[in-house]
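Asks: Sharing a structure, written as C-alpha cells. Questions coming.
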Amino acid sequence: MPDQQTRLLPAAPDTRATRRRATVLLTAAAPALVVYAAVRAVGLLVFWVWASVAGKDAWHLLGGRWDSVWYQRIAENGYGYTVTLPDGGLHPDLAFFPLLPVLERSLAAVTPLTVQGAGIVVAWSAGLFAAWGIHAVGARLYGRRAGLVLVALWGAYPTAFVQSMAYTETLFTALAAWSLYAALRGRWLAAGALCVLAGLTRPSAAALIAALAVTGAAGLVGEYRAGGREGLLRRNARMLLGVCLAPLGWLAYVVFVAVRQGSPFAYFEVQAQWGNSIDGGRALAVFIAGLPLPAALGLCAALGLLGWLMYLCVRQRQRQPLPVLVYGIAIVVVSLIGSGYFGSRPRLMMPAFPLLLPPAVALARLRPTARTGAVLAALAVGSAAYGAWTLLGPGPP
C-alpha cells in the first residue's frame, strides 16, 4: 500500500525529471482515461439518442443553455452585461469568473470553432485532465486499481452530464486535482500556481486555498513541536511561498470587481444579487421544510449519505492526507451553507472527488473483477439516463 503521509519538504525543480514523471503518470493513467472516456461516451450517446427522438438540438443543449451562455457572452464582449429581473433584481455577469471565457475566446480565435464550440472542447479536454489528476491522487494513496475506480465513479456522478457541457466544473476539478497532487509530492510552488488558476475559475477555490493553508500550517506546527525550531521558515520557504501564492487568483478577481464597481465589497454584493450569500444553511433548511414529506425524507437521506461519506473519509483505515481531506469536506460545506438555488448544489459538490475515495477503495477490492465492472456499468447507465432527462427537461429538479 502506498505511503499515506503528505511530504512537506520542498523539492527543487528538475525539468527533465518532471517530463519523465509526467510520461510515467500518463502511461499509468491510460486505462483510467479510457474508462472515463467510455463512461462519458455512454452519457453522451444516451443523451444524443434521447434528444434526437425528442427533436431537439443536442449540441445547443450542451453549449447554449444556462450558465454557459453567460460565459460565452463574456468571451465575446467582455464584462458589463446585466439582466434586470421582473421583480427589479439584477443579475450582473461579474458573478462569473474569467478563466473559462478567456480560454473560449482564445481557442475560438485560433481555430474554426465558434465560442460555443470552443467552450465544449475546453470542457471535454479539461474532463480528461481532471480524470488524469484524480487518478494520480487516487493511485498515489491507494494504488492504481483504486485510482481507476475513482475516476469511473467521478465520471458517473449523478450530475456528471455537466462534465460534457460548456461549464467550469471539469476545468476547476482538473486544476484542483493536480494542485492536490503537487502538494502531496511537496511541490508547493506548482500547487500554489495551480490554485491561482483555480481561483480564476470558480469561487469554490476557497476550499482549495483552505486545504493548502491548513496543510502548510499543520506541517509547520508539527516541525516546531518536534523541536525543529531553528531554520524552520528557511526549510519551508517553498511551502510558505506556495501557500501565499494560492489565494492570489481569487483575490485578483475580487479586486478587479471592486475597482470596476467602485466599491471594496462589490464582489460580495454581486454574489448577493445572484442569491449566493452565505447563510449557514438556513436556505437549505427552509427548502427541505417546504417539500412534501416523501421528498423531504428522501433529501434528508441523501444528505445523510453525504455525511456518512465525509465520516468515512475521516475514519478511513488509512486516513486521507490532510490536503485531500480538507479540500473534499470544504467543497461540501461551501456548497451547503450558501443561499443559492438548491438545484445547483449537487453540481457544485461534483469537484469534491475525495468523497468518492471510500467507495472506490471498497469497489477496487471486490472479487472477481467482473463485479466491480458490473457496478460501474450500472452507475454509468443510471447517470446517463438522469443526465439526459435533466438536460431535455427544464433543468435540475
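The values are calculated or read from the model by the stated rules, or taken from the named source; none is laboratory data. As the structure is a prediction and not an experimental result, all values here were calculated from the model. A quick note on method: Cβ atoms are made from the backbone with ideal geometry, for glycine too, and the neighbour counts reach across all protein chains shown.
Asks: Scan the range 208-267 for residues that are in a helix (DSSP H, G or I), closer than 30 Å to Pro101 by Cβ and of a type in the set (Ser, Thr, Tyr) and jot them down.
Replies: Result: Tyr253, Tyr267.
Residues are listed down the side, and each one gets a yes or a no for (1) out of contact with any Ser or Thr (no Cβ under 7 Å at 6 or more places or on another chain); (2) closer than 29 Å to Val24 by Cα; (3) of a type in the set (Phe, Trp, Tyr):
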| site | (1), (2), (3) |
| --- | --- |
| Ser106 | yes, no, no |
| Thr114 | yes, no, no |
| Leu128 | yes, yes, no |
| Leu148 | yes, yes, no |
| Trp154 | yes, yes, yes |
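Asks: When you go through (1) small (Gly, Ala, Ser); (2) in contact with a helix residue (DSSP H, G or I) (Cβ under 7 Å, 6 or more places away or on another chain); (3) under 23 Å from Leu391 (Cβ atoms) one by one for Gly138, which number turns out not to apply?
Replies: (3)
Asks: A further question on this structure: Just to verify a result, which residue in the range 206-258, among those that are within 21 Å of Leu322 (Cβ to Cβ) and among the charged types (D, E, K, R), is modelled with the highest pLDDT?
Replies: So, considering only residues that are within 21 Å of Leu322 (Cβ to Cβ) and among the charged types (D, E, K, R), the one modelled with the highest pLDDT is Arg238.
Asks: For the range 123-162, which positions are at pLDDT 95 or above and among the polar types (S, T, N, Q)?
Replies: Result: Ser125, single match.
Asks: Ala296 fails exactly one of the following numbered conditions: (1) part of a helix (DSSP H, G or I); (2) surrounded by fewer than 18 Cβ atoms within 10 Å (Cβ to Cβ); (3) touching a strand residue (DSSP E or B) at 6+ places or on another chain (Cβ under 6 Å). What is the number of that condition?
Replies: All conditions are met except number (3).
Asks: Since Leu291 meets every condition but one in (1) outside any helix (DSSP H, G or I); (2) surrounded by 14 or more Cβ atoms within 10 Å (Cβ to Cβ); (3) touching a residue at least 40 places away in the same chain (Cβ under 8 Å), which condition does it not meet?
Replies: (3)
Asks: Separate question: Pull up the range 24-74, narrow it to residues that are surrounded by 14 or more Cβ atoms within 10 Å (Cβ to Cβ) and among the aromatic types (Phe, Trp, Tyr), then point me to the one that is farthest from Ala126 (Cα to Cα).
Replies: Here the answer is Trp50.
Asks: A follow-up question, please. Can you tell me which residues in the range 261-275 are touching a helix residue (DSSP H, G or I) at 6+ places or on another chain (Cβ under 7 Å) and either at pLDDT below 85 or surrounded by 15 or more Cβ atoms within 10 Å (Cβ to Cβ) (or both)?
Replies: Matches in the range 261-275: Ala266, Tyr267, Val270, Gln271, Trp274.
Asks: Can you name the residue in the range 344-369 that is closer than 23 Å to Val46 by Cα and in a helix (DSSP H, G or I) and is also nearest to the chain's Cα centre (by Cα) among such residues?
Replies: So, considering only residues that are closer than 23 Å to Val46 by Cα and in a helix (DSSP H, G or I), the one nearest to the chain's Cα centre (by Cα) is Arg347.
Asks: What are the pairs with Cβ atoms under 6 angstrom where one residue, in the range 368-393, is touching a residue at least 60 places away in the same chain (Cβ under 8 Å) and surrounded by 12 or more Cβ atoms within 10 Å (Cβ to Cβ) and the other, located anywhere, is β-branched (Val, Ile, Thr) and assigned to a helix (DSSP H, G or I)? Sequence gap at least six, or different chains.
Replies: Every condition considered, the pairs that remain are Ala380/Val39; Ala380/Val42; Ala384/Val42; Ala384/Val46; Ala388/Val46.
Asks: Would it be correct to say that Asp87 is under 30 Å from Trp274 (Cβ atoms) and within 20 Å of the chain's Cα centre (by Cα)?
Replies: Here the answer is no, as Asp87 does not meet what is asked.
Asks: Tally up the residues in the range 129-156 that are part of a loop (DSSP other than H, G, I, E, B) and surrounded by fewer than 24 Cβ atoms within 10 Å (Cβ to Cβ), please.
Replies: Residues flagged as part of a loop (DSSP other than H, G, I, E, B) and surrounded by fewer than 24 Cβ atoms within 10 Å (Cβ to Cβ) within the range 129-156 amount to 1.
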